[in-house]
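Computed from the coordinates by the stated procedures, all read-outs in this text should not be read as laboratory data. What you see is a predicted model; the values in this text were computed from it and never measured. Positions of Cβ are generated from backbone atoms using ideal geometry, with glycine treated the same way; all protein chains shown enter the neighbour counts.
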Amino acid sequence: MSRGPIGVFDSGLGGLTVLRSLIDLVPDASTIYFGDTGRFPYGDRTVRELVDYSREISAFLIDRGAALIVVACNSAASAALEQLTNELSVPVVGVIEPGVRAAAKVTQTGRVGVIGTVGTIASGAYQRAMSRIAPDLELICAACPGFVEFVERGDVDSDQARVLGERLLAPIRDCDVDTLVLGCTHYPLLARTIGAVMGRDVVLVSSADETAFEIRSMLAGEHRADGVVPRSFVTSGDPEMFGRLAARFLGPEVSVVERWSWT
């Protein structure tokens, strides 16, 4: 793998949870982040749309020198990861299998929950990954429409978010899972609300953290950059709004946000 930047993309802000973990674990790796907020949300897109979007963004990132592509969106990964892996000239990492592997390690009862967008849950991607990695575990899946939209508005801990969480999480909470995979990279930003609803006995597994651990292992300690580490941010939506929320969720690494238009 070359020493180019790591390209990370998502439908919007959620992939910043992967980027935050990546910066913390591999601080000398340069990065370029693409938030496709102009075509948000991805959760109800068709498989064909998600594959096309993922190809377009990956081509953009590779054109900018990316040596590794991180599909930091569960909806895109469930639809397009296999195609990107087969087609691209650089390594590709998704967020689904790392989360499943982590859940399999921490569960004590063997009852694991997964929450995600309607598209991710309906795709069966988590069910297939669990059947490969830990077929003896019982997997309970639930779609949580609305969570992503709350995050994209910057609303992660309001009373309204808590009410929505109570309604959406009640079925999976009633199944007595002891581990819950946050199967959307937006969801760690709602971890306080989700944790309050599920209770302290349920372990929340962030696919964002686990994906960053996997990338660190792939890099195997390779030194990636000298001096100031370049961090670039691009959005297909409103760069001012994206920059404001990205700085809130990610931190001081966010400075200039480039506007990209699909033509």
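For the range 229-257, which residues satisfy the criterion of being within 19 Å of Gly4 (Cα to Cα) and assigned to a strand (DSSP E or B)?
Of the range 229-257, the ones within 19 Å of Gly4 (Cα to Cα) are 229-234, 253.
Once the filter is applied, which keeps residues that are within 19 Å of Gly4 (Cα to Cα) and assigned to a strand (DSSP E or B), the range 229-257 yields Arg231, Ser232, Phe233, Val234.
Which ones in the range 19-36 are touching a helix residue (DSSP H, G or I) at 6+ places or on another chain (Cβ under 6 Å), part of a helix (DSSP H, G or I) and buried (at least 20 other Cβ atoms within 10 Å of the Cβ)?
If the condition is that a residue be touching a helix residue (DSSP H, G or I) at 6+ places or on another chain (Cβ under 6 Å), part of a helix (DSSP H, G or I) and buried (at least 20 other Cβ atoms within 10 Å of the Cβ), then Ser21, Leu22 are the ones that fit.
Do we have any residue at all in the range 136-146 that's acidic (Asp, Glu) and without any contact (Cβ under 8 Å) to a residue 12 or more places away in the chain?
Residues of the range 136-146 that are acidic (Asp, Glu), as a first pass: 136, 138.
Now restrict to residues that are without any contact (Cβ under 8 Å) to a residue 12 or more places away in the chain: none.
The answer is no, given that none of the residues of the range 136-146 is acidic (Asp, Glu) and without any contact (Cβ under 8 Å) to a residue 12 or more places away in the chain.
Examine the range 52-70 for a residue that is in a helix (DSSP H, G or I), out of contact with any His (no Cβ under 9 Å at 6 or more places or on another chain) and closer than 22 Å to Ser206 by Cβ, and state whether such a residue exists.
Narrowing the range 52-70 to residues in a helix (DSSP H, G or I): 52-63.
Next, only the ones that are out of contact with any His (no Cβ under 9 Å at 6 or more places or on another chain) stay: 52-63.
If we keep only those that are closer than 22 Å to Ser206 by Cβ too, we end up with 54.
Yes, some residue in the range 52-70 is in a helix (DSSP H, G or I), out of contact with any His (no Cβ under 9 Å at 6 or more places or on another chain) and closer than 22 Å to Ser206 by Cβ.
I need the full set of residues from the range 170-193 which are crowded, with 22+ Cβ neighbours inside 10 Å and free of Cβ contacts under 8 Å to residues at least 60 places away in the same chain, in order please.
The initial filter retains those residues of the range 170-193 that are crowded, with 22+ Cβ neighbours inside 10 Å, namely 177, 179-190, 193.
Residues satisfying the conditions are Leu190, Thr193.
Could you list, in sequence order, the residues of the range 70-95 that are crowded, with 24+ Cβ neighbours inside 10 Å and under 13 Å from the mean Cα position of the chain (by Cα)? Spell out the reasoning first.
Within the range 70-95, the subset crowded, with 24+ Cβ neighbours inside 10 Å is 70-80, 94-95.
Result: Val70, Val71, Ala72, Cys73, Asn74, Ser75, Ala76, Ala77, Ser78, Gly94, Val95.
Name the single residue that is nearest to the chain's Cα centre (by Cα) among those in the range 231-240 being buried (at least 16 other Cβ atoms within 10 Å of the Cβ) and closer than 16 Å to Val151 by Cβ.
Kept after step one, since they are buried (at least 16 other Cβ atoms within 10 Å of the Cβ), are these residues of the range 231-240: 231-237, 239.
Next, only the ones that are closer than 16 Å to Val151 by Cβ stay: 235, 237.
Values: Thr235: 16, Gly237: 18 Å.
Ranking the qualifying residues of the range 231-240, first place goes to Thr235.
Test of understanding: among Arg111, Arg153, Arg101, which residue is touching a residue at least 60 places away in the same chain (Cβ under 8 Å), surrounded by fewer than 20 Cβ atoms within 10 Å (Cβ to Cβ) and under 20 Å from the mean Cα position of the chain (by Cα)?
Arg101 is the lone residue from the list that is touching a residue at least 60 places away in the same chain (Cβ under 8 Å), surrounded by fewer than 20 Cβ atoms within 10 Å (Cβ to Cβ) and under 20 Å from the mean Cα position of the chain (by Cα).
Those residues that are under 24 Å from Ile96 (Cβ atoms), among the small types (Gly, Ala, Ser) and in a helix (DSSP H, G or I), I need them from the range 160-194; list them, please.
Listed by number, the residues that qualify are Gly165, Ala191.
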